[in-house]
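Laboratory data are not the source of any read-out in this text; all were calculated from the coordinates shown. Please read these numbers as outputs of a predicted model, since none were measured by experiment. Reconstructed Cβ throughout: ideal geometry from the backbone, glycine too, with neighbour counts over all protein chains shown.
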């Protein structure tokens with residue numbers, strides 16, 4: 001690893017840019033997740049309310065199973081978006097950890113340079 005002042009400055013610049021981009025990505029993923037989750041829940045409610053078939057009245061459990069079956073694709077879409085959002089948040093955590101490691105190394109290197 002190159003521990004020159006220029007290399008460390010470049011690394012901090014890279015991490016700063018990467019964190020800003022990841023924050024934008026997380027914002028977009030969170031928005032997509034929220035909209036998809038709202039759409040799924042709305043579809044689930046509508047499917048539940050329309051589950052009765054004509055004169056035949058179904059139990060609430062049966063209506064719930066019918067509604068869940070009718071909206072399973074939307075539920076899967078929400079689950080995939082949630083996974084993507086969690087992964088992006090974890091990537092952000094890793095970037096911030098790398099930034100903190102860089103700060104610690106920078107402080108150590110400054111001490112060494114001042115002694116030289």
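Over its Cα atoms, what ratio of radius of gyration to 2.2 N^0.38 Å does region 5-115 give? Numbers along the way, then the final one.
Working: Rg = 24.3 Å, N = 111, 2.2 N^0.38 = 13.2 Å.
In units of the 2.2 N^0.38 Å rule of thumb, it is 1.85.
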Between helix 5-49 and the chain: long-axis angle, C-alpha atoms, 0 to 90°, nearest 10
10
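Based on the Cβ-Cβ distance from residue 21 to residue 57, what FRET efficiency comes out when R0 is 41 Å, to the nearest 0.05?
Efficiency at R0 = 41 Å is approximately 0.15.
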With Cα coordinates, the longest principal axis of the chain makes an angle with the long axis of helix 72-115, in degrees rounded to 10, of 10
Distance (nanometres) between label positions extended 7 Å along Cα→Cβ at residue 99 and residue 112:
2.4
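Which FRET efficiency, nearest 0.05, do residue 46 and residue 80 yield, Cβ-Cβ r, R0 35 Å? Kindly include the intermediate steps, with their values, before the conclusion.
On the way: r = 22 Å, r/R0 = 0.62.
It comes to 0.95.
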